[in-house]
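Take a look at the structure below.
The values are calculated or read from the model by the stated rules, or taken from the named source; none is laboratory data. Note that the structure is a prediction, hence the values are computed from the model and not measured. When we count neighbours, we look across all protein chains shown, and the Cβ atoms used for this are built from the backbone with ideal geometry, even at glycine.
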Amino acid sequence: MDQRAELSEFLRSRRARLKPEDVGLPDHGRRRRVPGLRREELAQLAGVSVAYYTRLEQGNAQNVSVEVLEAIGRALRLNDIEHDHLSHLAKGKTKKKRASACRPQQVRPALQQLIDAMEGVPAYIIGRRLDILGWNRMAAALFGDMGQLPSRERNMARHVFLDPAARSLYADWHSKAVDVVSVLRLCAGCYPDDPQLTALVGELSVKSEEFRALWAAHTVADKGHGVKRLHHPVVGELTLAYETLKLPDAHDLSLVTFHAEPGSTSEESLRLLGSWSAEQPVRT
């Protein structure tokens with residue numbers, strides 16, 4: 001991916017979402033040719049020259065200081081994740097990042113044994129590019145048996161945008177799609193030289209109009225926690241809380257778990273799903 005173009009488009013998209021009144025600037029009622037703040041207004045807020053900010057927004061981030069990036073981040077009202085993304089784009093790639101982007105990711109046998117032992121709890125391990133690298137029987141029952149897919153297709157973004165079953169599985173498919181693209185965009189900022197990530201984005205852009213639109217929005221987010229509502233074809237509606245736990249010895253691997261509120265109908269449905277899944281073969 002062209003990191004200069006990514007930096008330019010990200011800054012433009014963040015500037016476009018701000019209005020003068022959002023940042024305490026007067027709006028004199030003049031019609032704006034483009035949405036959001038003007039470059040000179042953003043430069044004023046950040047305390048840099050218009051020429052300097054223009055060069056940065058054009059993708060020329062040579063020798064930009066941490067202090068300047070922090071000032072621009074504050075002016076753009078970036079959250080912590082967006083600010084980290086800006087830093088990745090502006091600071092460029094290192095040899096270490098280039099090497100790790102091409103290194104295959106694997107799940108330690110003990111981790112797979114751990115999630116296999118989590119009876120009644122759907123769990124999977126996800127890596128760069130949202131590749132699904134390990135899963136247990138309950139996760140296969142809930143989201144589909146990844147073992148039936150070729151390894152390159154075991155990917156959450158492919159599941160959401162290219163698997164027709166995903167549209168009926170997620171009660172709020174659009175929200176799930178936004179989450180997936182936002183995490184993938186963050187990954188792209190960290191690993192711009194990853195050829196498999198570039199190929200994935202290209203494939204999804206060609207095959208999914210929704211993906212193209214969401215990718216162009218330049219939203220970034222990290223995997224976290226929350227609640228998802230599902231329409232499962234076997235047990236019906238489920239409301240499940242999910243938690244994303246980063247693995248300390250592999251920062252770009254995460255363990256994702258799902259559970260139901262104790263005493264809820266979803267807990268009973270999840271228990272029924274466990275009984276059903278025990279009768280189903282799971283491929284790994």
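When the residues of the stretch 168-185 are filtered to those that are in a helix (DSSP H, G or I) and more than 18 Å from the chain's Cα centre (by Cα), the one that is surrounded by the fewest Cβ atoms within 10 Å (Cβ to Cβ) is SER168. In the stretch 203-227, the residues that are on the phi > 0 side of the Ramachandran plot form Cβ pairs under 7 Å with partners that are part of a helix (DSSP H, G or I) and crowded, with 20+ Cβ neighbours inside 10 Å, at six or more places apart or across chains, as follows: HIS218/PHE10; HIS218/ARG185. The listed residues are ARG271, ARG229, and the only one of them that is part of a strand (DSSP E or B) and either out of contact with any helix residue (DSSP H, G or I) (no Cβ under 8 Å at 6 or more places or on another chain) or in the same structural domain as LYS176 (by TED's automatic domain parsing) (or both) turns out to be ARG229. If you go through the stretch 200-220 and pick out every residue that is modelled with pLDDT of 95 or more, under 14 Å from the mean Cα position of the chain (by Cα) and either outside the structural domain of THR244 (by TED's automatic domain parsing) or β-branched (Val, Ile, Thr) (or both), you end up with 1.
When CYS102 is tested against (1) buried (at least 21 other Cβ atoms within 10 Å of the Cβ); (2) at pLDDT below 95; (3) at negative phi, just one condition goes unmet, and that condition is (1). Under the condition of being free of Cβ contacts under 8 Å to residues at least 40 places away in the same chain and over 15 Å from the mean Cα position of the chain (by Cα), which residue from the stretch 153-164 is surrounded by the fewest Cβ atoms within 10 Å (Cβ to Cβ)? Ranking the candidates gives PRO164 first. Mind checking whether some residue in the stretch 157-175 is basic (Lys, Arg) and closer than 23 Å to ALA278 by Cα? The answer is no; no qualifying residue exists. In the set (1) surrounded by fewer than 16 Cβ atoms within 10 Å (Cβ to Cβ); (2) in a strand (DSSP E or B), the condition left unmet by THR239 is number (1). Within the stretch 246-266, restricting attention to residues that are assigned to a strand (DSSP E or B) and either outside the structural domain of GLY127 (by TED's automatic domain parsing) or exposed (fewer than 14 other Cβ atoms within 10 Å of the Cβ) (or both), the residue that is modelled with the highest pLDDT is LYS246. Restricting attention to the stretch 187-199 and to residues that are crowded, with 16+ Cβ neighbours inside 10 Å and among the aliphatic types (A, V, I, L, M), the residue that is farthest from the chain's Cα centre (by Cα) turns out to be LEU197. Taking the conditions exactly as written (assigned to a loop (DSSP other than H, G, I, E, B) and farther than 16 Å from VAL256 by Cβ), does THR219 satisfy them or not? Yes. In the stretch 1-27, of all residues being of a type in the set (Asp, Glu) and over 15 Å from TRP215 (Cα atoms), the one that is nearest to the chain's Cα centre (by Cα) corresponds to ASP22.
Here LYS223 fulfils each of the conditions (1) at pLDDT 95 or above; (2) touching a strand residue (DSSP E or B) at 6+ places or on another chain (Cβ under 9 Å); (3) buried (at least 18 other Cβ atoms within 10 Å of the Cβ) apart from (1).
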